[in-house]
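In what follows, a structure is listed as structure tokens, so that the remarks can point back to it.
The values are calculated or read from the model by the stated rules, or taken from the named source; none is laboratory data. Every value quoted in this text rests on a predicted model; they were computed, and no experiment measured them. Cβ: placed from backbone, ideal geometry, glycine included. Neighbour counts: every protein chain shown. With ligands, DNA and RNA removed, areas are computed over all heavy atoms of the protein, side chains included. Shrake-Rupley method; radii C 1.70, N 1.55, O 1.52, S 1.80 Å.
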Amino acid sequence: MRNELENLCEAAASFHARGYAFGSTGNLSVTDGERVWVTPTGASLRRLTVDRLAEIDREGKPLNGNKASKEYPFHLAAYRNSFSGARALVHLHSTWTVALSCLEDLDAAEPLPVFTPYYLMRVAPLAVIPYLRPGSAELAVAVGEAARAHDCILMRNHGFLTLGATMDEAVDRAEELEETAKLFFLLRNEKLRYLTGAERSEIQQVFGRKK
Ligand SMILES: [Zn+2]
């Protein structure tokens, strides 16, 4: 587990260095199936170390002296229900995805168009859940429900979370989502070619991630 905790701290610093996380926003966690290690409350992701991570059980009971991010309830809900048996979670308030989450006419069925095969392989289908207060039990319930069928979840007027079998996989998905949201805004007024239905089916057949 030690490696995954170090991966978590490295990913956190990298997100901060690249502007995906700022101030004390964003929280990450990993689990071994019984215990969960979450980034601490009120801390910047810039310079975390393994000994500063909060360790909790699957009910949220503290197992060490560090206090978990106040958003930890949705981490637990996601792990409890994850259809893919996820063991790592990235939650960010990164700019382009938050911008997407604030659009009044967001299409909940397909919030981002399929520009590239990589979005299809790593992110789609992206779930959309309504705005619910950060840290609330209601938000945890909504995340838990979405995790029954999704590894990537957009939270209206808030941010997103991605799940993965490993921290590397959750990070990959987070980066793909943020960059695709950026593309969406860059290309908003352009005449575009999207992947066709046949091209999408081919990706799904060859890479087979989508249910
Ligand atoms: Zn948040």
Margin query: Any residue in the stretch 131-144 that is more than 12 Å from His75 (Cβ to Cβ) sitting within a Cβ distance under 6 Å of a residue that is open to solvent by less than 90 Å² (accessible area, probe 1.4 Å) and not in a loop (DSSP other than H, G, I, E, B)? List the pairs, counting only those 6 or more apart or interchain.
Written below: Leu132/Leu139; Leu132/Ala142; Ala142/Ile129
Next item on the list: Restrict the check to the stretch 116-125 and report whether at least one residue is closer than 17 Å to Asn27 by Cα and of a type in the set (Lys, Arg).
Entry: no
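Can you tell me which residue within the stretch 73-94, out of those that are within 16 Å of the ligand (Cβ to nearest atom) and in a helix (DSSP H, G or I), is farthest from Asp151 (Cα to Cα)? Give the steps one after another, and end with the answer.
As a first pass, look at the stretch 73-94 and keep what is within 16 Å of the ligand (Cβ to nearest atom): 73-78, 89-94.
Remaining after also requiring in a helix (DSSP H, G or I): 73-78.
Values: Pro73: 17, Phe74: 13, His75: 12, Leu76: 14, Ala77: 13, Ala78: 9 Å.
Looking at the filtered set, the residue picked out is Pro73.
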Next item on the list: Determine which member of the set Asp151, Asp172 is of a type in the set (Asp, Glu) and open to solvent by 60 Å² or more (accessible area, probe 1.4 Å).
Entry: Asp172
Checklist line | Residue that is modelled with pLDDT of 95 or more and open to solvent by 10 Å² or more (accessible area, probe 1.4 Å), where the choices are Arg18, Arg47, Arg2 | finding: Arg18
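Here is a list: Arg156, Arg148. Which entry is touching a Ser or Thr at 6+ places or on another chain (Cβ under 9 Å), charged (D, E, K, R) and within 16 Å of the ligand (Cβ to nearest atom)? Write out each step before concluding.
Numbers: Arg148 fails: within 16 Å of the ligand (Cβ to nearest atom).
The unique qualifying residue is Arg156.
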Notebook entry, point to check: Any chance the stretch 28-40 includes a residue that's open to solvent by less than 20 Å² (accessible area, probe 1.4 Å) and in contact with a Gly (Cβ under 6 Å, 6 or more places away or on another chain)?
Noted result: no
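From the list Pro113, Pro117, Pro73, which one is open to solvent by 20 Å² or more (accessible area, probe 1.4 Å) and farther than 30 Å from Arg193 by Cβ? Explain how you work it out, then say what you get.
Numbers: Pro113 fails: farther than 30 Å from Arg193 by Cβ; Pro117 fails: farther than 30 Å from Arg193 by Cβ.
Result of the check over Pro113, Pro117, Pro73: Pro73.
Okay, residues lined up against (1) polar (S, T, N, Q); (2) in a loop (DSSP other than H, G, I, E, B):
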{"site": "Tyr131", "(1), (2)": "no, yes"}
{"site": "Leu154", "(1), (2)": "no, no"}
{"site": "Leu183", "(1), (2)": "no, no"}
{"site": "Leu195", "(1), (2)": "no, yes"}
{"site": "Ser201", "(1), (2)": "yes, no"}
Note to self: Among (1) touching a residue at least 24 places away in the same chain (Cβ under 8 Å); (2) closer than 25 Å to Gly85 by Cα, there is one condition Asp57 misses while meeting the rest; what is its number?
What the structure shows: (1)
